[in-house]
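Beneath this line is the structure, given in structure tokens, with notes to follow.
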Amino acid sequence: MTHTKKSKMHNNEWHQTLKRYLSRKKDSKKDHEEGNADEMDEFTHFYKSWKGLPANFQNKPRLFSKLPSEREPLQLKIREESRAVFLQRRSRELLDNDELQKLWFLLDNHHTPPLHGEEQMISYDDFLAVKTQAGLKCQPFFQATVFCKLVQSDPFGRISIMQFFNYVMRKVWLHQTRIGLSLYDVAGLGYLKESDLENYILELIPTLPQLNGLERSFYSFYVCTAVRKFFFFLDPLHTGRIKIQDILACSFLDDLLELRDEELSKELQESNWFSAPSALRVYGQYLNLDKDRNGMLSKQELARYGTGTLTDVFLDRVFQECLTYEGEMDYKTYLDFVLAMENRREPQALRYLFRIIDVQHRGYLNVFSLNFFFRAIQEQMKLHGQEPVSFQDVKDEIFDMVKPCDPLHITLQDLIKSGKGDTVVSILIDLNDFWTYENREYLVPELTEEATAS
């Protein structure tokens, strides 16, 4: 007899045992003690029978099914297709342009006089009237909680039609974007790996008019530049993946999709990390630093970054802590360095720089750590013919600025909480920044005079 037949017979016997047990419990007319004894015998027999079943017949619910592996291409394809069908269905549930236009006309026709300044307003009764005509897709937006959130200072308790419509537009955009990002989440686990986000941005480029001038040969460098900002700020622990909800919650996608505006001003382009001018600027700087044209940066080449006044001690630590290839830095590692240096007020940048300054790997800065870096500043001052500043004075200023919980140790959280972390880091690693800090009392009046004259 095969194992399958034995299993089926075992399974039938188990069900028959359970049926007898339940029937006996219901119909028994015996006295209480006798009934309990019989029930215990039947239950014992039932339990032993159940324990002897093969695992696949114990009828346990499956709480988790592992993802198909690369060796199971058919299962992978089925999963991929089913996810695509599901996301397409969710996409069809969203408001399209015609439906949004219809919603605006309904709101416009049902606005509640008088105007509030120049804005059209709508009362809750008219809000509900629009709800009845807006269609099923719009119903989730017409909730009392939504109306209450948008009520502000109107004396009649109304809300702005424009604010409500912008709220709907924002929600629709978020859902559309989430669906778009989820298409690249091959595993369906709610996060994107670096390669997933690279594919998303690469396929997004043709839809962004502000990037029309980019040559195709530069696409890979542009994608790398764009993706690094997401991972630098949203994956500071280097897990290699970012939650889709974190991507939606930050402002980076707004900045990226701002490039759809064909009339985006030059100032906004220059301040937008994802714009073509910004990406070309960063990549151009990298090429200019790479004097030997080997595609990598040595410590001596990186020393020319910015004003060229970063200390040797700091640069040594950068190359000790950051990923390098035979002692040289590639473009991706350089991007992390640039993002840290250009955003020193941000916690993620301070985390990056703190790891470099924490030379003893103790999780805090002490007098030794501060002196270790400041001695390099003092040596550079001597080389430039400047009178060195006392370390004791600088150390006291740093502790006064940060006000750490422990008077002898400065943690990363102390730096972030103080709001002075960027200043502390700057005066320890860059002679030019230290000189600017030391002469701030003289520089501020000069800058004020120049601004007044202009």
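General observations
- Solvent-accessible area, 1.4 Å probe, carbon plus sulfur percent, for the stretch 211-291: 49
- Across 291/417; 193/291; 149/243; 171/332, pairs whose alpha-carbon gap is larger than 29 Å: 291/417; 193/291; 171/332
- Exposure of residue 384 as accessible area (Å², to 10), given a probe of 1.4 Å and all protein chains: 120
- Accessible area per residue, Å², the stretch 297-346 with all protein chains present, probe 1.4 Å: 43
- Around residue 96: net Lys/Arg minus Asp/Glu count, Cβ-Cβ under 11 Å: 0
- Nonlocal amide H pairs with residue 121, under 5 Å, H built at 1.01 Å: 112, 116, 161
- Modelled this way, with points 7 Å down the Cα-to-C-beta line, the labels at residue 291 and residue 115 are 6.5 nm from one another.
- For the stretch 69-177, applying the loop criterion from DSSP together with a ceiling of 16 other beta carbons within 10 Å to the trypsin sites (Lys or Arg not before Pro) yields 71.
- Hydrodynamic analysis of the stretch 209-295 uses the Kirkwood radius over alpha carbon pairs. Inserted into Stokes-Einstein at 25 °C and 0.890 mPa s, it gives a translational diffusion coefficient of 172 µm²/s.
- Accessible-area rank, largest first, for 175, 238, 111: 238, 175, 111, with all protein chains present and a 1.4 angstrom probe.
- Rg over Rh, two decimals, the stretch 75-144 (C-alpha only, Kirkwood Rh): 1.23
- A DSSP coil position with no more than 13 other Cβ atoms inside 10 Å describes the following chymotrypsin sites (Phe, Trp or Tyr not before Pro) in the stretch 87-156: 156.
- Surface calculation, 1.4 Å probe, protein heavy atoms: residue 333 sits at approximately 10 Å² accessible.
- Each part gets one Cα centre, and for the stretch 149-174 versus the stretch 349-398 those centres are 51 Å apart.
- Candidates per GluC sites (Glu not before Pro) in the stretch 224-270, loop by DSSP, up to 15 other Cβ within 10 Å: 262, 263
The values are calculated or read from the model by the stated rules, or taken from the named source; none is laboratory data. Everything numeric in this text was worked out from a predicted model, so none of it was measured. Neighbour counts are summed over all protein chains in view; Cβ atoms, including those assigned to glycine, are modelled from backbone coordinates with ideal geometry. Ligands, DNA and RNA are excluded from the accessible area calculation, which covers all protein heavy atoms including side chains. Shrake-Rupley method; radii C 1.70, N 1.55, O 1.52, S 1.80 Å.
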